[in-house]
């Protein structure tokens, strides 16, 4: 049985990590969050030592590190705000633990280089949650793409992801691009990783819209041309979804054919943990393309619309 510590226990995604730790037969022995709304711990690990101050958490982890081996922290799971991931991963590695970090791993690709050095020095490893790589529909699509390596034409792909958020969103750290990395990093990075995983190296990256609540653009990979649209604005939902009271719309079409992957998400964090604990997790190097993609999107100028823009852009007033 492995010992886990969790940073960011009050966050939206933290319960999925708690469930994954429990489902894989391990235990959470310490947790940190400056907010104390962590009653969810009672549903999984009520005996967890909880801290609201990093300094006390640090002291506790160090105390465990010096204790007999059975008390050592084996893994630090990180669910903190995006801009803190880099620092918290370094803390985990230097504490003598392996690290499991939520997406996005970091905000900029050069942060990966420093983490690689600390990995080498510490002898421990960073793994990340790239759950779409484990989704059955994506696995099947990748097998299909790899079975046609000499296809004469690139796949034509449309990616749409709308996940409605309330007014709180822009008032939180998620609405601050310096902390979240912007909409592409915060809700889109695992889709960009999926596209790289499916279609090879990125060759072109054009941004057609960039706002606090939505973004859109064009990506070209070795085997695909991709038009993408991301939004947290409920007004961008298709009418049918709004009428049915749905708050999320997720669609990928490949050569006009819808890839059904709306289901099968529930246990992907547990599947990710199973792979990581078996030594088959996705590490720092696997993250580089997606992190470079979202970093470039964040810094890119908005380009004039051409024939390769996403059809959902007709619903979005263009920025000057």
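The values are calculated or read from the model by the stated rules, or taken from the named source; none is laboratory data. This structure is a prediction, so every number in the text was calculated from the model and none was measured. Positions of Cβ are backbone-derived with ideal geometry, glycine not excepted, and every protein chain shown enters the neighbour counts.
Out of 112, 40, 7, 61, I need the residue that is modelled with pLDDT of 95 or more, surrounded by fewer than 17 Cβ atoms within 10 Å (Cβ to Cβ) and in contact with a helix residue (DSSP H, G or I) (Cβ under 9 Å, 6 or more places away or on another chain). Which one? Give the derivation first.
On the way: 112 fails: surrounded by fewer than 17 Cβ atoms within 10 Å (Cβ to Cβ); 7 fails: surrounded by fewer than 17 Cβ atoms within 10 Å (Cβ to Cβ); 61 fails: surrounded by fewer than 17 Cβ atoms within 10 Å (Cβ to Cβ).
On inspection, the qualifying residue turns out to be 40.
Which of the residues that make up region 125-150 are in a loop (DSSP other than H, G, I, E, B) and surrounded by fewer than 20 Cβ atoms within 10 Å (Cβ to Cβ)?
Hits for region 125-150 are 125, 135, 147, 148, 149, 150.
Suppose we filter 276, 252 for residues that are within 21 Å of residue 139 (Cα to Cα), buried (at least 19 other Cβ atoms within 10 Å of the Cβ) and at pLDDT below 95; which single one remains?
Values: 276 fails: at pLDDT below 95.
Being within 21 Å of residue 139 (Cα to Cα), buried (at least 19 other Cβ atoms within 10 Å of the Cβ) and at pLDDT below 95 holds for just one of 276, 252, which is 252.
In region 293-320, which residues are surrounded by 19 or more Cβ atoms within 10 Å (Cβ to Cβ) and modelled with pLDDT under 90?
309, 310, 312, 316
Only one residue in 61, 73, 100, 112 is over 17 Å from residue 269 (Cβ atoms), in contact (Cβ under 8 Å) with a residue 24 or more places away in the chain and outside any helix (DSSP H, G or I). Which one?
One residue alone meets the criteria, 73.
Select from region 96-132 the residues that are more than 13 Å from residue 189 (Cβ to Cβ) and either in contact with a strand residue (DSSP E or B) (Cβ under 7 Å, 6 or more places away or on another chain) or in the same structural domain as residue 298 (by TED's automatic domain parsing) (or both) and list them in ascending order.
Result: 97, 98, 99, 100, 115, 119, 124, 125, 126, 127.
Filter region 151-162 for residues that are in contact (Cβ under 8 Å) with a residue 12 or more places away in the chain and loosely packed, with under 12 Cβ neighbours inside 10 Å and give the result.
The initial filter retains those residues of region 151-162 that are in contact (Cβ under 8 Å) with a residue 12 or more places away in the chain, namely 151, 154-162.
Once the filter is applied, which keeps residues that are in contact (Cβ under 8 Å) with a residue 12 or more places away in the chain and loosely packed, with under 12 Cβ neighbours inside 10 Å, region 151-162 yields only 151.
Yes or no, residue by residue, for (1) at pLDDT 95 or above; (2) exposed (fewer than 15 other Cβ atoms within 10 Å of the Cβ); (3) in a strand (DSSP E or B); (4) not assigned by TED's automatic domain parsing to the domain that holds residue 90:
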residue: 196; (1), (2), (3), (4): yes, no, no, yes
residue: 209; (1), (2), (3), (4): no, no, yes, yes
residue: 220; (1), (2), (3), (4): yes, no, yes, yes
residue: 225; (1), (2), (3), (4): yes, no, yes, yes
residue: 229; (1), (2), (3), (4): yes, no, yes, yes
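What number goes with the only condition from (1) touching a helix residue (DSSP H, G or I) at 6+ places or on another chain (Cβ under 9 Å); (2) in a strand (DSSP E or B) that residue 179 does not pass?
Among (1) touching a helix residue (DSSP H, G or I) at 6+ places or on another chain (Cβ under 9 Å); (2) in a strand (DSSP E or B), residue 179 violates only (2).
Between 20, 10, 5, which is assigned to a loop (DSSP other than H, G, I, E, B), closer than 24 Å to residue 126 by Cα, touching a residue at least 12 places away in the same chain (Cβ under 8 Å) and under 22 Å from the mean Cα position of the chain (by Cα)?
Of 20, 10, 5, the one residue that is assigned to a loop (DSSP other than H, G, I, E, B), closer than 24 Å to residue 126 by Cα, touching a residue at least 12 places away in the same chain (Cβ under 8 Å) and under 22 Å from the mean Cα position of the chain (by Cα) is 10.
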